[in-house]
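The values are calculated or read from the model by the stated rules, or taken from the named source; none is laboratory data. Here the structure is a predicted model, which is why all the values come from computation and not from measurement. Cβ atoms come from the backbone with ideal geometry, glycine included; neighbour counts cover every protein chain shown. SASA here: full protein model, heavy atoms, side chains in, ligands and nucleic acids out. Shrake-Rupley method; radii C 1.70, N 1.55, O 1.52, S 1.80 Å.
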Amino acid sequence: MEAPIAHPALHPDAYARALDARDPRFDGVFFVGIITTRVYCRPVCPARVAYHDHRRFFNSAAAAERAGFRPCLRCRPELAPGLALVDAVSRLAHQAAQRISAGGLNGRSVADLAGELGVSDRHLRRALEHEIGVSPLELAQTHRLLLAKRLLADSSLSITQVAFASGFQSLRRFNSAFREQYRMSPGALRRGVNPRSPTPASAAGEEMLRLTLAYRAPFAWSALLGFLQGNAIPGVELVAGYRYGRTVRIGNHSGFILAENAVPRAGSVGPLPGPHILVEISTSLLPVLMPLISRLRRLFDLDAEPTVVDNHLEEGGLGALVAKRPGVRLPGVFDGFEIALRALLGGSGRSGDTAKALPGRIAQALGEPIKTGIPELTHLTPTAKDILQAGAERLTLLGVPPGRSACIIRLAQSLASGTLRLEPGGDPDATRRALLEIDGISERLATKILMRTLYWPDAFPVSDRALQRAAGVATASALCERAERWRPWRAYAAVHLWLEAAAD
């Protein structure tokens, strides 16, 4: 008989202090189960704190549900921010957990997911049991049920729409799983919540789903929007005031989203105990809601722990920059090829105005048109397949230098063939090598692509001249030496320096 698998150690004394203080920085880091009520909560729950001997601590919502606890209806664990990417889990378990949270087991088997990750399904099960404390199917079930719960509470979607949007393959299976896990029917939960606000409509008349995405404060939202605006593709992305919008394609489904920061005012009451991003989503994207939410959380870096990063960078000599922009986030990506294409076009050697116009021109010419009712959002980003069909000659006619056109085609071929994957959780060294094998991609470009597509917090392009100037050094070696103090969050330091350079 095999020895039992040890679960990661919890820190009950530290968690108890954080719970007593209701410290929002621990929101999503752990959950507490109340033995007397069999309910589990977030550390920021407004309910009265239970006696110490009536508590059990868990490092994930899935572990709490496995132990027989159901989610609190007041603090709503499904709204908690996720764990940061720098948390101590194995690479395999982390990759698997990321894909499962994005719907990687919806309509697919554990063997399918394990095959994508290059391991056996038995090995994958053991890795998740060891690192997270639950099986792959239990983790997937928790994600589906928590998403269904928030849709029932926060939207006017029908129960059938909720079932399929949350990843269930049948209404019967959804009803059964919900009753079994939460000891109530979906309809009973919906009757017990406050009346939902009407579903907003887009300018094109399409219904929009409104969701909230929680994060840990502080959050330099304006700085993030400034970064995204500087790299936005006209026709695909929009930054207007304090709002971000973009067109979206996931698989065979397309639509658009609009997002804005919505920090509750002091003294306000309601179901959201912390700051959050308010997102409006076109209902055409309901079938891919799980992967969409996962991509949005990465795009806005919502699972970061900003106080930890800020304190570290402050100790590393960047205190003045941190004081200017507390809570700077690492801008993620919505699509890996989109960012790689944008990076290559930005480094095409053209003049500034021409380089800025190229991405929009290519999106207009090669991207699929989409109706959003918003004049600034008219096209989907061209896929690698679209670029390959167009060919290098078409790219050159659109204004891309011939050498860079050939490089873009080689990049698209690598992605289409599977020799290169630009997805979070990938191996940074292996991905860097694959990028550098493409003729025309420099170390600087490869690192910039890695930083955003792999969501890699320690990526740092030391040869970038703007970074060198902002850091007050003259060479790449000098910048590399100085940046050692910023590990393992050098990418956040790079964003600080880029923002400072842009402000100057």
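Quick one: Karplus J couplings for region 451-458, per residue in order, coefficients 6.51, -1.76, 1.60, θ = phi - 60°, nearest Hz, x for Gly and Pro?
Ordered by residue, 3J(HN,Hα) equals 3, 9, 6, 8, 6, 8, x, 10 Hz.
Of the peptides 156-164, 71-79, how do they stack up when ordered by the mean number of other Cβ atoms within 10 Å, highest first? Can you show the working numbers first?
Details: 156-164: 17.2, 71-79: 21.2.
Ranking the peptides 156-164, 71-79 by packing returns 71-79, 156-164.
Kindly provide the pair-distance distribution of the chain built from C-alpha pairs, with 20 Å bins from 0 and whole-percent values in order of increasing distance.
Whole-percent P(r) values from 0 Å outward: 22, 57, 21, 1.
Taking amide hydrogens as modeled 1.01 Å from N in the peptide plane, which residues meet the under 5 Å criterion relative to A214, leaving out close sequence neighbours?
Excluding prolines and chain starts, which carry no amide H, the hits are I277.
So how far apart, in nm, are the two label points at A466 and R74 if each is 7 Å from Cα heading toward Cβ?
Roughly 4.7 nm, to one decimal.
Considering only DSSP states other than H, G, I, E and B, which GluC sites (Glu not before Pro) in region 407-504 qualify as loop sites with at most 15 other Cβ atoms within 10 Å? Display every interim value, and only then the final one.
Values: sites: E437, E443, E481, E484, E500; in loops: E437.
Those that pass, being in a loop and sparsely packed, are E437.
Among DSSP beta bridges whose residues both lie in the chain, state the antiparallel percentage, nearest 5. Numbers along the way, then the final one.
Numbers: 34 of 38 bridges.
Within the chain, antiparallel bridges account for around 90 percent of the total.
Can you tell me which of 335-341, 487-493 comes out highest on packing, and rank the rest after it, using the mean Cβ neighbours within 10 Å?
Working: 335-341: 23.9, 487-493: 21.1.
Output ranking for 335-341, 487-493: 335-341, 487-493.
Any idea what the relative contact order of the chain is, in percent, if you count C-alpha pairs under 8 Å spaced at least 6 apart?
Over the chain, the number comes to 12 percent.
Per residue, how much accessible area does the chain have with a 1.4 Å probe, in Å²?
Values: 21950 Å² over 504 residues.
Heavy-atom SASA per residue in the chain reads 44 Å².
Obtain the nm distance between the two label points defined at A503 and R433 by a simple spin-label model: each point lies 7 Å from its Cα along the Cα-to-C-beta direction.
Distance between label points: 4.1 nm.
Given the DSSP H assignment, sum -39500 (n - 2.57) over each helix run of at least 4 residues in the chain and divide by its residue total; what's the result at 222 nm in deg cm²/dmol, nearest 500? Don't skip to the end; give the middle numbers.
Working: 22 runs with 230 residues, N = 504.
It comes out at -13500 deg cm²/dmol, rounded to the nearest 500.
When the chain is fully extended, how far beyond the present Cα-Cα distance does R108 get from H52, taking 0.36 nm per residue of separation?
Working: separation 56, 0.36 × 56 = 20.16 nm, distance 4.15 nm.
Here the segment from R108 to H52 would lengthen by 16.0 nm.
Evaluate region 415-470: find the radius of gyration of its Cα atoms, find its Kirkwood radius, and give the ratio Rg to Rh.
Answer for region 415-470: 0.99.
If you take every residue apart from S405 with its C-beta less than 11 Å away from the C-beta of S405, what net charge results, scoring Lys and Arg +1 and Asp and Glu -1?
Values: positive: R394, R404, R410; negative: E393.
With Lys, Arg at +1 and Asp, Glu at -1, the neighbours total +2.
Can you list, by residue number, the Cys in the chain that have no neighbouring cysteine C-beta under 4.7 Å?
Flagged as lacking a Cys partner: C407, C480.
Taking amide H atoms as placed 1.01 Å from N in the peptide plane, list the residues 5 or more away in sequence, or in a different chain, whose amide H sits under 5 Å from that of R76.
Result for R76 returns nothing.
How big is D for region 312-414, in µm² s⁻¹ as a whole number, if Stokes-Einstein is applied with the Kirkwood radius of its Cα pairs at 20 °C and 1.002 mPa s? All intermediate terms of the calculation are to be shown ahead of the outcome.
On the way: Rh = 15.6 Å.
Estimated diffusion coefficient is 137 µm²/s.
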